[in-house]
Amino acid sequence: MVLAAKIQVYATPILCLIWLAGFVLALVKFRVSPRASVLFIIALFFAALGQTLDVINLLTVNNMDQLISFFPGSLRTIRSILNYTPSIFSVLSWGLILFAFVTVMGKKKNES
């Protein structure tokens, strides 16, 4: 297994615990700001999905190279999707988290 895959496999459960804590916090604070909580939960879902796809990509690097020699067209497309999708989900999740924070900050500014 590639070193990056080993690190990713061990880091993912830690990130999942952090995301679980954020999910519980979003549910607890739902009454205070429901829009921010929903955006945060969606962002956590996107982040977890991107992290999972990244782990799948890293774990299948060696096997995909062998399979691509037999089926060059379709598996190369799948490999490209697995390479870029985690980054797209990461950008979406961070964008939603920032938008949730801006929503909460804007709400506090208007209340003053």
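Data for the structure
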quantity	calculated
Residues that are more than 18 Å from GLY95 (Cα to Cα) and surrounded by fewer than 18 Cβ atoms within 10 Å (Cβ to Cβ), drawn from region 34-54	THR52
Residues located in region 1-60, provided they are among the hydrophobic types (A, V, I, L, M, F, W, C) and not in a helix (DSSP H, G or I)	MET1, VAL2, PHE30, VAL32
Criterion violated by ILE68 - all others in (1) at pLDDT 70 or above; (2) out of contact with any Gly (no Cβ under 8 Å at 6 or more places or on another chain); (3) surrounded by 15 or more Cβ atoms within 10 Å (Cβ to Cβ) satisfied	(1)
Matching residues, region 14-33, being surrounded by 17 or more Cβ atoms within 10 Å (Cβ to Cβ) and within 18 Å of GLY106 (Cβ to Cβ)	ALA26, SER33
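The values are calculated or read from the model by the stated rules, or taken from the named source; none is laboratory data. Only a predicted model underlies this, so the values are computations on that prediction, with no experimental measurement involved. With ideal geometry, Cβ positions are generated from the backbone for all residues, glycine too; neighbour counts draw on all protein chains shown.
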